[in-house]
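What follows is a set of notes on a single structure, which appears directly below.
The values are calculated or read from the model by the stated rules, or taken from the named source; none is laboratory data. All values derive from a computational prediction rather than experimental measurement. Neighbour counts run over all protein chains shown; Cβ positions are idealised from the backbone, glycine included. Please note that ligands, DNA and RNA were not included when accessible areas were found on the heavy atoms of the full protein model with its side chains. Shrake-Rupley method; radii C 1.70, N 1.55, O 1.52, S 1.80 Å.
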Amino acid sequence: MDDSIKETLIDIVGRQNFTDSLIDLVSYSNDASDHYHRPEAAVWPASTEHISRILIIANKHCFPVIPRGAGTGLAGAAVPVYGGLVLDMCRMNRILDIRIADRLAVVQPGVVYNDLKKALAPYDFFFPPDPASGNVCTLGGNVATNAGGIRGAKYGVTKDYVMKLEVVLPNGLVMQTGSNCMKSASGYDLTRLFVGSEGTLGIITEITLKINPKPMAFKTGLALFSSLRDAGRAVSDIMHSGIIPSVLEVLDENTIKVLQDHSSVNLPDVTAIILVETDGYTRAETSFQMEKVIEIFRKNSAADVQIADSIEEADELWRIRKSISSIVAQIRPNNVSEDVAVPISMVPNLLTGISKIVRNHGLPFVVFGHAGDGNLHPKIMYDRSDPDQVKQLREVVTEIFKLTCDLGGTLSGEHGIGLAKAPYMTLEHDQTAIDVMHDIKRLFDPNNILNPGKMGLEV
Ligand SMILES: Cc1cc2nc3c(=O)[nH]c(=O)nc-3n(C[C@H](O)[C@H](O)[C@H](O)COP(=O)(O)OP(=O)(O)OC[C@H]3O[C@@H](n4cnc5c(N)ncnc54)[C@H](O)[C@@H]3O)c2cc1C
């Protein structure tokens with residue numbers, strides 16, 4: 001990127017909102033994954049118009065543009081693999097409208113997930129996806145990765161809530177997709193095309209989200225198992241029993257050990273724990289659901305079932321659950337967090353299969369995740385300065401992806417493909433589907449300027 005281009009960018013965003021200083025560029029070279037590539041410059045745009053003008057220049061001079069939310073992505077999707085310009089969306093962080101009567105909220109992409117959560121709380125409404133990174137990640141990042149969270153089995157993921165988008169295309173044109181209506185059957189679903197597109201098709205500049213009334217009553221418990229397979233079977237049985245818990249999370253014995261050693265929570269020595277929450281509008285409703293769930297736990301040989309005595313106790317459990325990733329990150333210098341998902345009946349096979357694979361390679365690991373929607377997080381710890389451990393890690397990851405696809409699953413339940421999973425796309429998608437994805441990318445971005453190198457979408 002030559003100086004004249006940099007001067008033009010400065011004209012658009014202002015000198016204080018442009019940087020090419022080494023310290024900033026090093027910060028922008030990584031997200032929460034294990035991938036590092038330095039950009040040539042970064043800007044902090046403040047409007048759709050800024051972004052449109054920037055993309056016109058990028059398209060003319062063919063340099064890469066990488067949109068970035070909070071950089072908490074776990075797949076390297078915001079890493080500037082071919083250098084270029086990072087568009088940090090942090091200044092576009094306003095909640096533009098909350099329309100309770102229409103059950104929607106309109107936000108800029110840089111709004112942090114928890115800021116919307118706080119803004120909706122006084123109305124007793126919420127935006128359900130609830131990623132564990134909610135106190136930092138942005139809604140633009142959530143839409144671009146189709147983020148999920150612990151309430152996915154009952155409430156779905158981000159794509160189930162995006163009604164309308166404003167998007168700037170690589171040629172600078174601004175496009176509106178979707179509608180403010182609860183339903184719409186009007187034309188191709190361009191909104192869905194952009195959800196999970198990881199910044200490869202356009203820059204999202206405004207988001208209209210469906211919001212839900214909050215349930216008023218909750219019941220939280222945990223079930224202890226001496227076998228991972230029994231825990232997996234219990235999950236599968238619950239999910240076709242007619243009851244859909246709002247949370248159904250599994251922790252394997254390694255996760256339990258890590259939490260025993262590194263958190264204040266007091267967990268027993270068992271092989272697996274399932275955390276469960278039922279929700280509704282009355283206590284009777286949540287108790288009824290919990291009783292059914294407990295019955296299924298017992299049928300699947302749960303050693304014990306415990307119910308939280310208070311909201312504080314339950315909140316503490318969810319706080320600890322959400323901190324697992326951060327706790328594990330402190331144990332070894334490097335770790336890789338996968339998020340494979342399988343049809344629910346395959347959860348027992350995935351749980352036991354992952355443990356077997358990683359154990360065979362001798363790397364420390366934990367497995368936890370949103371068992372209720374078939375989405376597990378094997379987190380494998382290693383030291384990237386040790387070539388043998390790097391080799392073992394690659395083998396482990398490949399075997400986990402193969403197992404998942406053999407079980408009819410998907411490479412990513414919620415983190416996206418980015419750089420990390422790009423080489424594995426052909427395990428899951430047939431060649432025709434891959435060709436169509438390439439055609440779509442070419443149609444929107446013929447010069448391949450938007451977040452190039454991601455999702456295996458080289459044109
Ligand atoms: C401790 C921890 C816990 C996590 N827990 C969860 C979890 O429970 N569930 C979950 O789904 N994920 C989780 N994640 C992963 C991550 O938080 C999500 O993927 C999140 O959606 C990324 O948001 P971000 O703002 O950090 O986006 P970034 O990482 O900055 O970017 C992610 C992708 O979005 C694109 N992008 C960002 N903004 C825009 C925009 N305006 N227009 C177009 N493209 C854009 C980027 O180019 C990139 O491709 C976790 C991560 C960490 C570190």
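If contacts are Cα pairs under 8 angstrom and at least 6 residues apart, what is the relative contact order of segment 93-213 in percent?
That works out to 31 percent.
Skipping prolines and chain starts, which residues have an amide H placed within reach, meaning under 5 Å, of the one on Phe125, given they are 5 or more residues away or on another chain?
Under 5 Å from the amide H of Phe125 lie the amide H atoms of Lys214, each far enough along the sequence or on another chain.
Treating cross-link reach as a plain straight distance, find the aspartates and glutamates whose alpha-carbon is under 14 Å from the alpha-carbon of Lys183, omitting any fewer than eight places away in the same chain.
Candidates past the 8-residue exclusion: Asp102, Asp160.
Say the dipole of the chain comes from +1 at the beta carbon of Lys and Arg and -1 at that of Asp and Glu; which of Val107, Phe63, Gly84 then lies farthest toward its positive end?
Val107
Could you list, in their original order, any pairs among Lys118/Lys402; Lys6/Lys379; Lys159/Lys454; Lys118/Lys164; Lys292/Lys356 whose Cα atoms are separated by more than 30 Å?
Exceeds cut-off: Lys118/Lys402; Lys6/Lys379; Lys292/Lys356.
Cα centroid distance between segment 43-75 and segment 351-408, in Å?
What the calculation gives is 34 Å, centre to centre.
What shape does segment 136-190 have by the C-alpha gyration tensor, where a ≥ b ≥ c are the square roots of the eigenvalues, rounded means a/c under 1.5, and otherwise prolate means a/b greater than b/c and oblate the rest?
Verdict is oblate for segment 136-190.
Which percent of the Cα-Cα distances in segment 217-325 go past 16 Å?
55 percent
Which percent, to the nearest 5, of DSSP beta bridges fully inside segment 1-131 are antiparallel?
Close to 50 percent.
Could you work out the helix-only [θ] at 222 nm for the chain, with each DSSP H run of four or more residues adding -39,500 (n - 2.57) and the total divided by the number of residues, to the nearest 500 deg cm²/dmol?
Result for the chain: -10500 deg cm²/dmol, rounded to the nearest 500.
For the pair Lys60 and Ile23, what calculated FRET efficiency results from E = 1/(1 + (r/R0)^6), where r is the Cβ-Cβ distance and R0 = 30 Å, to the nearest 0.05?
The formula returns an efficiency of 0.55 here.
So if each residue of separation counts as 0.36 nm, and I subtract the Cα-Cα distance between Ala284 and Arg91, what length gain in nm does that give?
Extra length from Ala284 to Arg91 when fully extended: 65.0 nm.
Any aspartates and glutamates with Cα under 14 Å of the Lys60 Cα? List them, leaving off those in the same chain fewer than 8 positions away.
Within the straight-line limit of under 14 Å, Lys60 reaches these aspartates and glutamates: Asp2, Asp445.
Any idea what the relative contact order of the chain is, in percent, if you count C-alpha pairs under 8 Å spaced at least 6 apart?
About 16 percent, as a whole number.
Taking the highest mean first, how do the peptides 292-301, 198-207 order by number of other beta carbon atoms within 10 angstrom per residue?
For the peptides 292-301, 198-207, the packing ranking is 198-207, 292-301.
With every protein chain left in place, what is the accessible area of Ile51 in Å² (1.4 Å probe, nearest 10)?
It works out to around 0 Å².
What does the extension gain come out to for Leu427 and Lys257, with contour length at 0.36 nm per residue minus their alpha carbon separation?
Full extension from Leu427 to Lys257 adds 57.9 nm.
Could you run the Karplus curve 6.51 cos²θ - 1.76 cosθ + 1.60 with θ = phi - 60° over segment 359-364 and give me ³J(HN,Hα) per residue in whole Hz, x for Gly and Pro?
4, 4, 9, x, 9, x
Hey, how much of the P(r) for segment 93-248 falls beyond 18 Å, as a percent of Cα pairs?
It works out to 62 percent of all Cα pairs.
Set Lys and Arg Cβ to +1 and Asp and Glu Cβ to -1, take the dipole of segment 332-428 about its Cα centre, and tell me which of Leu350, Ser385, Phe401 lies farthest positive.
Sorting the options by dipole projection puts first Ser385.
Taking each pair of distinct Cα atoms in the chain once, what is the resulting Kirkwood hydrodynamic radius in Å?
22.9 Å
Could you derive backbone 3J(HN,Hα) for segment 177-189 from the dihedral phi with the Karplus parameters 6.51, -1.76 and 1.60 (θ = phi - 60°), listing whole Hz in sequence and x where the residue is Gly or Pro?
Ordered by residue, 3J(HN,Hα) equals 10, x, 7, 7, 8, 4, 9, 7, 10, 10, x, 4, 8 Hz.
Over the Cα atoms of segment 332-428, how large are the radius of gyration and the largest Cα-Cα distance (Dmax), in Å?
Every Cα atom of segment 332-428 included, Rg and Dmax give 12.5, 39 Å.
Apply the a/c threshold of 1.5 to the C-alpha gyration tensor of segment 77-158 and tell me whether it is rounded, prolate or oblate.
oblate
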